[in-house]
Amino acid sequence: MRTDIFARLDREPEPPKIVAPRMSRHRIALFGGTLAFYLAIVWAVLITSWLVALDWKVMLFRPYQQWPELHAFLDYYVVLGQRGPTAVMVACWLGWRSWRQHTLRPLLVLGTSLLLLNVTVGAVKLGLGRLGPHYATQIGSAEMFAGGDIFPSGHTANAVVTWGILAYLATTPRARRYLSAVSATVSLGVGLTTVYIGTHWLSDVVLGWAAGLLILLALPWFEPLIARTEAYIFAMRQRWRERRDGAGPAPVPGAGPQPVLLPQSMATDGLTAETVTAAAEPPVLPAGHPAPGATRARAHGGHPVRPGGIPVAPAGVRRPPPHTERGTRGTGSPARPMTGG
């Protein structure tokens, strides 16, 4: 048995018992508070409140000009919030976990969260249509319903969801605490980086944090659906394996025993299909020997022959009663006179 650190990379012999998070009262309270905060941010921007004024002050401050030495690094750091690269990195890690633990739940949870992210955040983006700082047309305006798609920040929400999934799927409380701190730090840095570069307003980032947190808090509601989907996929895989392993050569037509139609006389005499089938199979004889009963069948006009060579009278013909002297007639026929004395 391996005791080194690489033993943790081996596949587990059986799936571990992992309890999926449930929607507890504490989680419901957090979800309700986050949703209220989300709606408050949207309302504050719609009425062009002090939050919009703060957005303009931060934008006119131009952080990328105040600290230009950070620009090169933050251009790469902001990639941690892009959906494509982050989804690939996290999917690779969760795919390895799925293989190791014999379960599809990590990948299904990631797919569910990304689907919710695209639907919810994308719908709000297109519905509100806010323009970004680089495309603003009037100082002090909220720039709403102008054909934009930056409110809330997709980079920020994606960073919260993608890296927060690692904490959500952690199997121990200690790992969950550490991964929660790491995901919060990464998502906070990604959001502030977009403000530094000037691609988002500050309120966009705040709403993106709330949007991503709402998705993570709502995931336990989708755990039953994820479990049913996993069971269905495993059932389909098992059926495919059974079909692949159980597929044999196709049966040859006509190779098996064929049904035999009984004449009426045979049916009245009490013969069964099994008896006729067994009798119909010709015995194996040496070459040159005729089959028994063939001569008698020709002598009786092609009437069917019972097992043993006994001819059968056709239907409707009454057979005469047996005679004791029939055998004597067959054997004791008068001898012919021999020629020549």
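Go through the range 15-31 and report how many residues are free of Cβ contacts under 8 Å to residues at least 24 places away in the same chain and over 17 Å from residue 167 (Cβ atoms).
The total comes to 4.
Suppose we filter the range 121-136 for residues that are open to solvent by 20 Å² or more (accessible area, probe 1.4 Å) and within 20 Å of residue 159 (Cβ to Cβ); how many remain? Let's see the steps before the verdict.
Taking the range 121-136 as the starting set, the residues that turn out to be open to solvent by 20 Å² or more (accessible area, probe 1.4 Å) are 122-128, 131, 134-136.
The next check asks that each one be within 20 Å of residue 159 (Cβ to Cβ); those that pass are 122-125.
Total satisfying the criteria: 4.
From the set of residues in the range 25-48 that are at pLDDT 95 or above and not aliphatic (A, V, I, L, M), which is farthest from residue 220 (Cα to Cα)?
43
Given the conditions (1) farther than 21 Å from residue 203 by Cβ; (2) open to solvent by 60 Å² or more (accessible area, probe 1.4 Å); (3) among the aromatic types (Phe, Trp, Tyr), which single one is not true for residue 43?
Just one mismatch for residue 43, condition (1).
Would the range 159-170 turn up any residue that is open to solvent by 10 Å² or more (accessible area, probe 1.4 Å) and within 16 Å of residue 56 (Cα to Cα)?
Looking through the range 159-170, none of the residues is open to solvent by 10 Å² or more (accessible area, probe 1.4 Å) and within 16 Å of residue 56 (Cα to Cα).
Please determine whether any residue of the range 177-187 is closer than 10 Å to residue 155 by Cα and either at pLDDT 95 or above or under 36 Å from the mean Cα position of the chain (by Cα) (or both).
Within the range 177-187, one or more residues are closer than 10 Å to residue 155 by Cα and either at pLDDT 95 or above or under 36 Å from the mean Cα position of the chain (by Cα) (or both).
Residue 28 is checked against (1) out of contact with any Pro (no Cβ under 8 Å at 6 or more places or on another chain); (2) closer than 25 Å to residue 130 by Cα; (3) of a type in the set (A, V, I, L, M, F, W, C) and fails just one. What number does that condition carry?
Every condition holds for residue 28 apart from (2).
If residue 175 satisfies all but one of (1) more than 30 Å from residue 226 (Cα to Cα); (2) out of contact with any Asp or Glu (no Cβ under 8 Å at 6 or more places or on another chain), what's the number of the condition it fails?
That leaves (1) as the condition not met.
Being among the small types (Gly, Ala, Ser), assigned to a helix (DSSP H, G or I) and without any contact (Cβ under 8 Å) to a residue 12 or more places away in the chain is the filter here; which residues of the range 37-72 pass it? Working first, answer last.
Narrowing the range 37-72 to residues among the small types (Gly, Ala, Ser): 40, 44, 49, 53, 72.
Still in the list and also assigned to a helix (DSSP H, G or I): 40, 44, 53, 72.
Passing the criteria: 40, 72.
For the range 78-96, state whether one or more residues are over 24 Å from residue 170 (Cα atoms) and among the charged types (D, E, K, R).
No - not one qualifying residue is present in the range 78-96.
Please enumerate the residues belonging to the range 11-28 that are open to solvent by less than 60 Å² (accessible area, probe 1.4 Å) and not polar (S, T, N, Q).
Result: 12, 16, 20, 21, 23, 27.
Select, from 73, 37, 31, 61, the only residue that is within 18 Å of residue 215 (Cα to Cα), of a type outside the set (Lys, Arg) and open to solvent by 90 Å² or more (accessible area, probe 1.4 Å). Can you show your working first?
On the way: 73 fails: within 18 Å of residue 215 (Cα to Cα); 31 fails: open to solvent by 90 Å² or more (accessible area, probe 1.4 Å); 61 fails: within 18 Å of residue 215 (Cα to Cα).
Checking each option against the conditions leaves just 37.
Would you point out the residue of the range 76-120, among those that are loosely packed, with under 12 Cβ neighbours inside 10 Å and farther than 30 Å from residue 10 by Cα, that is nearest to the chain's Cα centre (by Cα)?
Applying the filter and picking the extreme gives 119.
Of the residues 214, 192, 179, which single one is assigned to a helix (DSSP H, G or I), in contact (Cβ under 8 Å) with a residue 24 or more places away in the chain and among the aliphatic types (A, V, I, L, M)? Before you say what the answer is, go through the steps one by one.
Values: 192 fails: in contact (Cβ under 8 Å) with a residue 24 or more places away in the chain; 179 fails: in contact (Cβ under 8 Å) with a residue 24 or more places away in the chain.
After ruling out the rest, the residue left standing is 214.
The values are calculated or read from the model by the stated rules, or taken from the named source; none is laboratory data. Keep in mind that what you see is a predicted model, and the values were worked out from it rather than measured. Neighbour counts run over all protein chains shown; Cβ positions are idealised from the backbone, glycine included. These accessible areas exclude ligands, DNA and RNA; they are computed on the full protein's heavy atoms, side chains included. Shrake-Rupley method; radii C 1.70, N 1.55, O 1.52, S 1.80 Å.
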